[in-house]
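> There's a structure below that I have some questions on.
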Amino acid sequence: MPVQIFGNRRFSRSVPLELTQLPLIDAVLISHDHYDHLDYGSIKRIKDRVKQFIVPLGVGPHLERWGVDKAKIQEHDWWSEFQYEGLQLACTPARHFSGRGLGDREATLWCSWVIKGRNVSVFFSGDSGYGDHFQAIGQKYGPFDLTFMECGQYDRRWAGIHMLPEESVQAHLDVRGKLMIPIHWGAFTLAMHEWTDPIERVSKAARENKVALAAPQIGQTLVLGAPDYPTSPWWRSV
């Protein structure tokens, strides 16, 4: 937030890894310019360790003002397809909004991302309400070995910009995902629900729809193709 005293607190007291511990980063993909997705302090600390920032239209100037070399920034529109370091990527639609102040609402684009390697295909939903864009993405780029699906900080009053957990599972099915990791539920307090409500509801919906769901602890490494994925309800004992 512009003034830290008015910012939203984290559910956890600390993060699992300090930014100064990160190695050289090949690329950072950003979905939109909201404060919980594009943090000034974080960008300042990692900007010299990142080879390329890949962002939706209009987000680049934020980074330039914060000292990122323009040559290290790529901006993309919806349905833009491109290559980077052997990966096939696409900037795909989301149903959300943007803005960091009172006068710049929707001045920049928001998006989801498709990432395809030689053997693995990944979908990152960004922030999004549920819509038919998920089916369109699934038809064009699916199936996906792994989906990172927004699942948290919701309310029925703003379902147009944030999915309910049951919709997150349906969106995973729409894009033709195989393994789903619910995201956006364990960091900041942005809504009125309990912090475990999203993961409990999405776990139930996944079981009912026979969706493979992984729920790693914050900071836990997950290896695709492993015989087992983290599924224990660790959040109940935190």
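> Please verify whether the stretch 65-79 includes one or more residues that are in contact with a Gly (Cβ under 7 Å, 6 or more places away or on another chain) and of a type outside the set (S, T, N, Q).
Yes, the stretch 65-79 contains a residue that is in contact with a Gly (Cβ under 7 Å, 6 or more places away or on another chain) and of a type outside the set (S, T, N, Q).
> Any residue in the stretch 211-237 that's over 23 Å from E167 (Cα atoms) and touching a residue at least 12 places away in the same chain (Cβ under 8 Å): show its pairings with residues that are open to solvent by 70 Å² or more (accessible area, probe 1.4 Å) and among the hydrophobic types (A, V, I, L, M, F, W, C) at Cβ separation under 8 Å, as long as the two are six or more apart or on different chains.
Taking only residues 6 or more apart or on different chains, the pairs are G219/L17.
> While we're on this one: Does the stretch 27-54 hold any residues that are open to solvent by less than 30 Å² (accessible area, probe 1.4 Å) and part of a loop (DSSP other than H, G, I, E, B), and which are they?
Within the stretch 27-54, I30, S31, H32, D33, H34, L38, Q52 meet the criteria.
> For the stretch 159-181, check the following and say yes or no: at least one residue is open to solvent by less than 40 Å² (accessible area, probe 1.4 Å), closer than 26 Å to L19 by Cβ and either in a helix (DSSP H, G or I) or in contact with a Phe, Trp or Tyr (Cβ under 9 Å, 6 or more places away or on another chain) (or both).
Looking through the stretch 159-181, at least one residue is open to solvent by less than 40 Å² (accessible area, probe 1.4 Å), closer than 26 Å to L19 by Cβ and either in a helix (DSSP H, G or I) or in contact with a Phe, Trp or Tyr (Cβ under 9 Å, 6 or more places away or on another chain) (or both).
> Just one of the numbered conditions (1) loosely packed, with under 15 Cβ neighbours inside 10 Å; (2) closer than 20 Å to Q153 by Cβ; (3) at pLDDT 95 or above is not true of G129; which one?
Result: G129 passes all but (1).
> Among (1) small (G, A, S); (2) surrounded by fewer than 16 Cβ atoms within 10 Å (Cβ to Cβ); (3) under 21 Å from H184 (Cβ atoms), where does G86 come up short?
Just one mismatch for G86, condition (3).
> Does L63 satisfy being open to solvent by 30 Å² or more (accessible area, probe 1.4 Å) and over 18 Å from V169 (Cα atoms)?
The answer is no for L63.
> So if I check each of C151, C91, which one is surrounded by 15 or more Cβ atoms within 10 Å (Cβ to Cβ), closer than 29 Å to A212 by Cα and at pLDDT below 95?
C151
> Counting only residues that are open to solvent by less than 10 Å² (accessible area, probe 1.4 Å) and either of a type in the set (D, E, K, R) or not in a loop (DSSP other than H, G, I, E, B) (or both), how many does the stretch 110-120 have?
3
> Moving to a separate point now. Quick check: is even one residue across the stretch 179-186 modelled with pLDDT of 95 or more and farther than 30 Å from S237 by Cα?
no
> Report, ordered by the first and then the second residue, all pairs with beta carbons closer than 8 Å, sequence separation of six or more or different chains, a first member in the stretch 149-160 that is touching a residue at least 24 places away in the same chain (Cβ under 8 Å), and a second member that is loosely packed, with under 13 Cβ neighbours inside 10 Å and among the hydroxyl-bearing types (S, T, Y).
No pair meets every condition.
> Are any of the residues in the stretch 192-200 hydroxyl-bearing (S, T, Y) and in contact with a Phe, Trp or Tyr (Cβ under 9 Å, 6 or more places away or on another chain)?
There is at least one residue in the stretch 192-200 that is hydroxyl-bearing (S, T, Y) and in contact with a Phe, Trp or Tyr (Cβ under 9 Å, 6 or more places away or on another chain).
> Given the conditions (1) among the aliphatic types (A, V, I, L, M); (2) under 23 Å from I161 (Cβ atoms); (3) open to solvent by 30 Å² or more (accessible area, probe 1.4 Å); (4) modelled with pLDDT of 95 or more, report the number of the one that A71 does not fulfil.
(2)
> Going by the structure shown, is D145 open to solvent by 70 Å² or more (accessible area, probe 1.4 Å) and either touching a residue at least 12 places away in the same chain (Cβ under 8 Å) or over 18 Å from the mean Cα position of the chain (by Cα) (or both)?
No; evaluated as a whole, the condition is false for this residue.
The values are calculated or read from the model by the stated rules, or taken from the named source; none is laboratory data. Predicted, not measured: the structure shown is a model, and the values here were computed from it. All Cβ positions, even for glycine, are placed from backbone atoms using ideal geometry, and neighbour counts span all protein chains on display. In case anyone asks, the SASA skips ligands and DNA or RNA and just uses the protein heavy atoms, side chains included. Shrake-Rupley method; radii C 1.70, N 1.55, O 1.52, S 1.80 Å.
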